[in-house]
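Quick notes on the structure that follows.
The values are calculated or read from the model by the stated rules, or taken from the named source; none is laboratory data. Just so it is clear, the structure is predicted and the values come from calculations on it, not from any experiment. Ideal geometry is used to build each Cβ from the backbone, glycine not excepted, and the neighbour counts take in all protein chains shown.
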Amino acid sequence: MKVTPEFLNKYNKTGPRYTSYPPATSFSPKFTSADFIPAVAASNREQPESISIYVHIPFCPQLCHFCGCNTTAFESAAKIRRYIDCVLKEIDTVAQHIDKSRKVSQIHWGGGTPNSINFDYLAEITERIKSLFQFTDNPEIAIECSPAYLTMEDIDRLAVIGFNRVSMGIQDFNPEVLKAINRRPPKFPIEQVMDRLRQNNFKGINLDLVYGLPLQTLESFKENVKKAIALSPDRIVTFSYAHVPWVNSNQKKMDETRMAGPEEKLQMLLAGYEIMTNNGYEAIGMDHFAKPTDNLAIAKHSKKLHRNFQGYCTRETTGQVYAFGTSGISQLWSTYAQNLKNLNQYMDAIEATGLAIERGYSLTKEETVIREVINEVMCNGYLNFDDIAQRVKCTADEVKAITAYDSTMLLPFIEDGLVKIIDGNIHVSSDGMFVVRNIAMLFDPNLTNSTSQFSKTV
Ligand SMILES: C[S@@+](CC[C@H](N)C(=O)[O-])C[C@H]1O[C@@H](n2cnc3c(N)ncnc32)[C@H](O)[C@@H]1O
Ligand code: SF4
């Protein structure tokens, strides 16, 4: 592999993460609950036809100091019950406006820690969704779990409720690192947890690791990656720790002097990549890895990989996303809408009106075209203008005009061996995927010269 820290530094400038296009920083408070219902009605006539549902459970019994998710330390049982009632009411409200001939292909529970609340609540919400919607033949029903609260019986119960995908936060296998980030250790050895998940036929089992946490070194991170591989999950993610103590004040409680600097973090990224790819895992983007038998790797080969706020998914299962719960972001074909991030404000709004939109964004036709192009480059490292044109119902020349495409802008990447143009189609090499954000930026005509509000691209 010729990718070195020097190479990455060359391309390491500021730019959007393209988790969504336009990015969440463009969402406006002028978009309110009153705008959301017509947007849901319009989504029935848009694509994809299938429905993805996101349910956000913000509760965690103990807050890890590194965490950047929307979480709250354990609230009273009464407050959790009240929250579940709100989520049920929100589902009922939105479901009234969704065409019932459409089918649910995907449900994702995130948080927070959805497996830390009473499992009767997981069953109750799942039953409500089942009573309101039809499902595709093989829906993916996924849950993010912390192993600190996961028992063998819990895993059996998750399967009975209908879950068939699990993502587990490992972060680090070393108890000293977990202590340094105020994280509870797993309740059961992860080997046992993995066995039980497999016995229950869970697929796409994912483990999250994080690099850049206090006490971690390049060597200790390599050990983490090897331990994760030895557990043989279907997927492994290596997240770069995002240290933004001015946004997440809990992060101030960790010892900054014991965290790896940017150079060491780049070495961790590259070492993780090398160990994973030398041990049978395929890179899905630069920090996500999957076994060749996993749906994500298969989708990548057939250029059908997709991404939403919940992470990578396949075009086959991805629907328009309807999100429920505090801070959840709905991703419809031409609308983004985010719920109130404050738990109490969310519940008050739902109890009053059944909806709790804090901000949102209505995409123009041009923006939906740019989004398709950027998603395709970011996920599949590939661009066929005819395919995109078919998807967005215009011509390939219109797609090129809207994205201000000019093949000469790719020349520096072609010279570095990161991009090839074959029969007019753009192919990003596996090395090029390390700098794919830089390549995607070329197709974003709305990007202003000032990208200082964004993070570094690598
Ligand atoms: C909602 S949490 C996972 C579920 C569960 N609560 C747990 O801790 O295992 C989603 C993932 O985001 C990642 N994450 C959280 N905060 C992060 C941060 N500041 N930087 C990078 N990754 C982070 C962690 O790897 C975590 O597993
Ligand atoms: S990492 Fe997981 S358990 Fe820890 S605070 Fe974040 S969401 Fe909660």
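Looking at the range 108-124, is at least one residue more than 15 Å from ligand 2 (Cβ to nearest atom), crowded, with 19+ Cβ neighbours inside 10 Å and of a type in the set (F, W, Y)?
No, there is no match, as no residue in the range 108-124 is more than 15 Å from ligand 2 (Cβ to nearest atom), crowded, with 19+ Cβ neighbours inside 10 Å and of a type in the set (F, W, Y).
I'd like to verify a number: residues in the range 1-34 that are at pLDDT 95 or above and surrounded by fewer than 15 Cβ atoms within 10 Å (Cβ to Cβ), how many?
Going through the range 1-34 one residue at a time, the tally reaches 5.
In the range 206-227, how many residues are crowded, with 23+ Cβ neighbours inside 10 Å and more than 20 Å from the chain's Cα centre (by Cα)?
5
Kindly provide the set of residues from the range 279-331 that are more than 15 Å from the chain's Cα centre (by Cα), surrounded by fewer than 19 Cβ atoms within 10 Å (Cβ to Cβ) and closer than 25 Å to A39 by Cβ, ordered by number.
Listed by number, the list holds a single entry, E316.
Which of the residues spanning the range 1-36 are of a type in the set (D, E, K, R) and part of a loop (DSSP other than H, G, I, E, B)?
Once the filter is applied, which keeps residues that are of a type in the set (D, E, K, R) and part of a loop (DSSP other than H, G, I, E, B), the range 1-36 yields K2, K13, R17, K30.
When you go through A242, A228, A260 one by one, which is the residue that is assigned to a loop (DSSP other than H, G, I, E, B), small (G, A, S), touching a strand residue (DSSP E or B) at 6+ places or on another chain (Cβ under 8 Å) and within 16 Å of ligand 1 (Cβ to nearest atom)?
Exactly one residue qualifies, and that residue is A260.
Quick check on my filter: what residues within the range 302-361 are among the aromatic types (F, W, Y), outside any loop (DSSP other than H, G, I, E, B) and modelled with pLDDT under 95?
Matches in the range 302-361: Y312 only.
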